[in-house]
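The values are calculated or read from the model by the stated rules, or taken from the named source; none is laboratory data. Predicted model only: the values in this text are computed from it and were never measured. We place every Cβ from the backbone using ideal geometry, glycine too, and count neighbours over all the protein chains shown. Note: areas computed on protein heavy atoms with side chains; ligands, DNA, RNA excluded. Shrake-Rupley method; radii C 1.70, N 1.55, O 1.52, S 1.80 Å.
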Amino acid sequence: MTEQTPFPRKTVFLLTATGAIPFLGLAIAMAFLDAPTNSTAALWLQTYSAVILSFLGGIRWGLALVSRGPKPGTFVLSVCPSLAGWAILPPAIILAPGPVWFLAYAGLFALQLLWDLRSGEVPSSFKPLRLGVSLVVIASLIGAWAVQAYLF
């Protein structure tokens, strides 16, 4: 299923690349804004991370739906990013706020990236873009961890 139907490459590139802007912008905002606005930027970044993890899981669900002979495990795995992102929000925001949650989100994005890059269901022409944007996202989250750990 690696090369099924063509997709609008320019549109996909533009939307995928612009999806990384909030990660970069909010991590930078955390570094340069004064309290309490920097904490608000951190909250928005964690929330956006959960939303995008859910979106990535939804992509995998959709790919499984249109594949020939999808495996039940693919559907199970495809809901894990949204559940994990959602499960992190209460402790990150209310119960035990701290920088470690940015590393948790970065780890989840790294796991999703590895799954997508190794998958035959994800179009091979999309994988380089997926890799580039994911590295920006992961670096932004690690940067947010460093900002909150050392500058807050």
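Between the Cα long axis of helix 37-66 and the first principal axis of the chain there is an angle of about 10°, rounded to the nearest 10.
Once the 1.4 Å probe is applied to the protein heavy atoms, the chain comes out at 56 Å² accessible per residue. Please label the shape of the stretch 98-141 as rounded, prolate or oblate, based on the square roots a ≥ b ≥ c of the eigenvalues of the alpha-carbon gyration tensor (a/c under 1.5 means rounded; beyond that, a/b larger than b/c means prolate, else oblate). Verdict is oblate for the stretch 98-141.
Placing unit charges on the Cβ atoms of the charged side chains and taking the dipole of the stretch 30-152 about its Cα centre, the candidate lying farthest along the positive direction among Ala31, Ser78, Ser54 is Ser78. Of Ile21, Ile93, the residue with the largest accessible area leads and the full order is Ile21, Ile93 (1.4 Å probe).
Accessible area per residue (1.4 Å probe, heavy atoms of protein chains only) ranks Tyr150, Tyr105 as Tyr150, Tyr105, with the largest value leading. The long axis of helix 9-18 is offset from the longest Cα principal axis of the chain by roughly 20 degrees. Here the chain exposes an accessible surface that is 75 percent carbon and sulfur, computed with a 1.4 Å probe and the other protein chains kept in place. If you take the alpha carbon atoms of the chain and fit the smallest convex hull around them, that volume is 94 Å³ per residue.
Assign one of three labels to the stretch 1-72, namely rounded, prolate or oblate, based on the Cα gyration tensor with a ≥ b ≥ c the square roots of its eigenvalues; rounded applies when a/c is under 1.5, prolate when it is not and a/b is larger than b/c, and oblate otherwise. The shape class here is oblate.
Net charge dipole, the chain: roughly 460 debye, given to the nearest 20, about the Cα centre with Cβ charges of +1 for Lys and Arg and -1 for Asp and Glu.
Taking Phe7, Phe152, Phe13 and ordering them by how much accessible surface each has at a 1.4 Å probe, largest first, produces Phe13, Phe152, Phe7.
Stretched out straight at 0.36 nm per residue, the stretch from Arg9 to Ile142 would grow longer than its current Cα-Cα span by 45.0 nm.
Judged by the ratio a/c of the largest to the smallest principal axis of the C-alpha gyration tensor, the stretch 75-152 counts as oblate, that ratio being 1.5 or greater while a/b is no larger than b/c. Once C-alpha pairs closer than 8 Å and six or more residues apart are averaged by separation and normalised to the residue number of the chain, the relative contact order reads 34 percent. Inter-part distance, the stretch 23-92 to the stretch 118-150, computed on C-alpha centroids, equals 12 Å. The length gained on full extension between Leu77 and Lys127, counted as 0.36 nm times the residue separation minus their Cα-Cα distance, comes to 16.1 nm.
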